[in-house]
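Read the figures in this text as sums done on the coordinates, not as results from a lab. Remember, predicted model here, so these are calculated numbers, not experimental data. Neighbour counts are summed over all protein chains in view; Cβ atoms, including those assigned to glycine, are modelled from backbone coordinates with ideal geometry.
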Amino acid sequence: MAGGEKVPPFGEGRGRLPPGQRAVDSFPVLDLGTRPDVPVAEWRLSVGGAVEAPLIWDWAAFLAQPQVDIVSDIHSVTTWSRYDNRWTGVSARHLLALVRPAAEARVVLFKSWDGYTTNVPLDRFADDDVLLAHSWQGRPLTREHGGPVRVVIPKLYFWKSAKWVRAVTFLDHDVPGYWESRGYHNEGDPWTEERYG
Ligand SMILES: Nc1nc2c(c(=O)[nH]1)N[C@H]1C(S)=C(S)[C@@H](COP(=O)(O)O)O[C@H]1N2
Ligand SMILES: [Mo]
């Protein structure tokens, strides 16, 4: 491939559909049921913890960051996968360059406006297909899918992609999130079926 370019998430000689999944055309809605209504005028994102330069973005500051478009597949632990989702927003790489995680940072914990939390290893968040998305397929993310802003981590099951995100906290130790405390796998890799336990 030209320039050694990667084609996430279906490179590395494997098929596109992870084991135990089926591809769907719909976009199911799954959450705890609260679906917070966060007007962009009140929206804030706090990024802190074990970082050199914590920050808080309001809506204008968020949109003033460099914007990326990333097409990726969704894999839900409930066995549906949805191909070719075009997400627009701010890349995790850009955020990391701004806040500069401390040497001891190992884990990223996301906190959402509905009280949901989920945790990922820092190196998973640092992947080049991860972003904080405000749009899906070229349109503002609907409230039911996590608007104004959700996290998208395509290489992990979709429960790791926090909707309505309000805080990104870097930690030197692991903290299980909402589903990780209730029997879901801590890592959530669809390719090795890290579903439960
Ligand atoms: N804030 C928040 N984020 C969340 C959830 C939630 O309940 N609250 N559910 C997770 C789960 S279990 C899944 S499968 C996906 C579903 O995202 P969707 O509704 O856009 O398909 O969101 C994840 N992110
Ligand atoms: Mo889920």
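Tabulated results
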item: The chain, relative contact order [Cα under 8 Å, separation at least 6], %; result: 24 percent
item: Residues 99, 38, sorted so that the one with the fewest Cβ neighbours within 10 Å comes first; result: 38, 99
item: More than 15 Å apart - percent of Cα-Cα pairs taken over segment 39-137; result: 68 percent
item: Net length gained if the chain between residue 63 and residue 32 were fully extended (0.36 nm per residue, minus Cα distance); result: 8.4 nm
item: Residue-averaged 222 nm ellipticity for the chain, from DSSP H runs of 4+ at -39500 (n - 2.57), nearest 500; result: -2000 deg cm²/dmol
item: In range of the label at residue 104: residues from segment 26-63 whose backbone nitrogen is under 14 Å from the point 7 Å along Cα→Cβ; result: 49-52
item: Extended-chain gain in nm, criterion 0.36 nm per residue less alpha-carbon gap, residue 128 and residue 84; result: 14.2 nm
item: Hydrodynamic radius by Kirkwood, which averages 1/r over all alpha carbon pairs of segment 27-93, in angstrom; result: 14.9 Å
item: Rounded to whole Å, sorted largest first: equivalent-ellipsoid semi-axes of the chain, Cα gyration tensor; result: 24, 19, 19
item: Radius ratio Rg over Rh of segment 147-197, counting only Cα atoms, Kirkwood formula for Rh; result: 0.97
item: Percentage relative contact order, segment 151-197, counting C-alpha pairs under 8 Å, at least six apart; result: 34 percent
item: Extent along principal axes [Cα atoms of segment 89-190; Å; largest to smallest]; result: 37, 33, 25
